[in-house]
Structure formats: structure tokens, C-alpha cells
Amino acid sequence: MTLPEVHLVGASRAEALRLAPIALAMREQGTLSAVLLAAGPDPAAVDATYAAFGLTPKITMPTGDDPAEALRRFDALWAGRTPAAVVVRDFLAAGLAAHWRRIPIMQIDAGRRSSDVTPVATDADRRLLAQVTTLHLAATPLAAMNLLDERVVAGDVLLTGGTAADAARALAGRREEAPVRSRRLVVVGADAAPVVAALRPLTVRFGDLEVLALGGELPSALRAALLAEAYVVITADEDLTEEALAAGAPVFVLGNAGAYAEAIHAGSARLVGPDPATVAVKMAGLLAGRVHRDTMVAGGNPYGDGLAAQRVAQATAALLGHGQFPDPMPARPVAGATR
């Protein structure tokens, strides 16, 4: 029997990281045929991320940075090879093309909002994508509430958790081991590079401190290993924040508090502001006593429990008439276990 074909569209490394566990879950459940797409301006990076999970995309389609051209290419693809459903994250062009072809759309990480609705902000695309999504798969209760506030029908929203936690678990058994360090490792995201210089004096004050600027070209498995080893991660990037928390590392976030509300509320992330000198002062306080860092770790990861990919795969199959919808992700305890 031919299984229903579901296209999982990755247009960035971050999207591919979150889609790969879903493809593995669909393969394991055996009710759907997962077809991975490597799209976006750099499909080679998407392909490399899939490869870290032992997966190979069946369709590679460079779409560049032009949304109109991306939409045209997806429309042409799905005119000749129409899937039973499409799974997307933030890629609006893919969502619109699927909508116009009357293909059911599953959006993972649905309902994420940063309160930034400027014309260049991702939030604008996320809100537009929500208008055409068939089933909204939210990572957190707050994200689900955002959708309900935007008048999305409650029955079209399912709390699944985010799949970054699933990815961290899957990569743990595959990853290339990071170098063994006897020092406390502070990982600084590429978006927060100016902070590195401000932290250098702390490496003298705290002799066991190492500061590492995270490059964008690192293999996914090595990147995951470094995050798992990190004493703390400093970034303004939503995706890196979620991936660090999934790996068990607390985070100093430099950006809009709206994008990190769940982690800040849990205590596993702290908003420290963008000024490098301020970050250095806050970091000195965190390094002064282990209890401060352990308190953050105890906040846990509010973005998933490691079972989100299974729920997404099951929900997609149920939407297509194969089995029952999964139960939503259980309510999260107030504090997680320490590392």
C-alpha cells in the first residue's frame, strides 16, 4: 500500500533541525511517507543539517531570498507532485503555495510571537501564515493562547511542544564529541559577537573560564555538543535560545523579552540587555557561585519534552484519516531537575 506523502519544508538550518525528528517519527510510526525538502537561499546548509540525523532530502529546491520566486517554485512543484499535507515552520511562501493548491498545512512552533510587527519582522510572516494553516502545532501554552487571541479556532490548535528538544535527544547519540574541557565554557552566539571582548577580562579573574564565539558554519552535531557542555549561552537569537535550553544550558538573552517569555518566567533564561559591559557584570555574578547557575538550570526547558515529534507525526496522520489525534503535551512542572 502506498503511504500518503507528506512534504516537510526546511528553508534554514534551524528549520531543518526541527523537521528532522518529525521525519524520523513518521518513519517509525509507519503511516506516512515523509519527504524532506531542502529549500531556501542555502539548501546545502539545510541538507547538511538533515544529514546529521542520517537523513537525505528527496527534493532540493533553491528558492533564494525572493518570496515571489519561492512561491512560484513551490506552486510548480506541487502542481505536478501534490502531497497529502505539508509541514512548515515559518516559511510563508511554502504555506501560501500549499494553501492555493488546497493542501493541508501543519505548522510547527505555531503561535510564536515577539511583539515585533515591523515590516521586516518574522512575526508579520508568522501571523500571515497562521491565516492559512490547517492545524497549528504549538510549542507552549503561551503560543497556543496567542493563536486563540488571534481568533484561531480552538479545535485547530494542538499543544505538542517544540521539536528542538527531540533534536537534542536524537543528536546526543550521533554527535561528534566536543573537545573535553576542564574549564567552564561560555558560548556566545554569532549575533552577540560584541559581548566577547567584554568577557575577556573575566577569563583572567576566573581562571577556569573559556569564552567561545559560536560560528554559523559549525556542523549540527558539534554545535549540539558545545551547547550541551556550555556553562551558559549568551544570545539574542530565538532559535539558539531554544536549542541551548533543549541541551540543558541556561541562557542570557539580549533581545526582546516577548520572544523569551516562557524561559524567563521559568528562570532558565535571564534578560540582561544588549550592553556588553552590563552582560559582563551579570556574567561575573553568575560565575561567582555555582548556586546561581544551578538555579537557572532548575528552570528546565519550557519549549518541549522530547516527545513533540511523535505528537506531530501522529497529528498529521490523524488529519489524513489514519488513527487518532495525540493527547496534548502535559502541563510542565514548575521546575525541572538539575543537570
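The values are calculated or read from the model by the stated rules, or taken from the named source; none is laboratory data. Please read all numbers here as calculations on a predicted model, not as lab measurements. For neighbour counting, all protein chains shown are included, and Cβ atoms are generated from backbone atoms with ideal geometry for every residue, glycine included.
Checking ASP109, ASP125 one by one, the residue that is within 21 Å of SER12 (Cβ to Cβ), charged (D, E, K, R) and not in a helix (DSSP H, G or I) is ASP109 and no other. When we screen ALA249, ALA257, ALA266, ALA230 for residues that are in contact with a Gly (Cβ under 6 Å, 6 or more places away or on another chain) and farther than 20 Å from ALA45 by Cβ, the only hit is ALA266. Checked against (1) on the phi < 0 side of the Ramachandran plot; (2) touching a helix residue (DSSP H, G or I) at 6+ places or on another chain (Cβ under 7 Å); (3) not aliphatic (A, V, I, L, M), ASP156 passes all but a single condition, namely (2). Just one of the numbered conditions (1) part of a loop (DSSP other than H, G, I, E, B); (2) at pLDDT 95 or above; (3) more than 21 Å from ALA16 (Cα to Cα) is not true of ASP116: (2). Quick one: would you say ARG126 is surrounded by 20 or more Cβ atoms within 10 Å (Cβ to Cβ) and at pLDDT below 95? Spelling it out, ARG126 is indeed surrounded by 20 or more Cβ atoms within 10 Å (Cβ to Cβ) and at pLDDT below 95.
Working only within the range 1-14, note down all residues that are surrounded by 24 or more Cβ atoms within 10 Å (Cβ to Cβ) and either farther than 19 Å from GLU243 by Cβ or charged (D, E, K, R) (or both). Answer for the range 1-14, where residues must be surrounded by 24 or more Cβ atoms within 10 Å (Cβ to Cβ) and either farther than 19 Å from GLU243 by Cβ or charged (D, E, K, R) (or both): VAL6, HIS7, VAL9. Answer yes or no as to whether ILE103 is crowded, with 24+ Cβ neighbours inside 10 Å, in the same structural domain as ASP123 (by TED's automatic domain parsing) and modelled with pLDDT of 95 or more. No, not satisfied. For ILE234, the conditions (1) at pLDDT 95 or above; (2) over 30 Å from PHE53 (Cα atoms); (3) of a type in the set (Val, Ile, Thr) are fulfilled apart from (2).
Listed here are the residues, each with its yes/no results for (1) surrounded by fewer than 20 Cβ atoms within 10 Å (Cβ to Cβ); (2) modelled with pLDDT of 95 or more; (3) touching a Pro at 6+ places or on another chain (Cβ under 9 Å).
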site	(1), (2), (3)
SER220	no, no, no
ALA246	no, yes, no
PRO250	no, yes, no
LEU254	no, no, yes
ILE264	yes, no, no
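The criterion of being outside any helix (DSSP H, G or I) and within 19 Å of the chain's Cα centre (by Cα) holds for GLY306.
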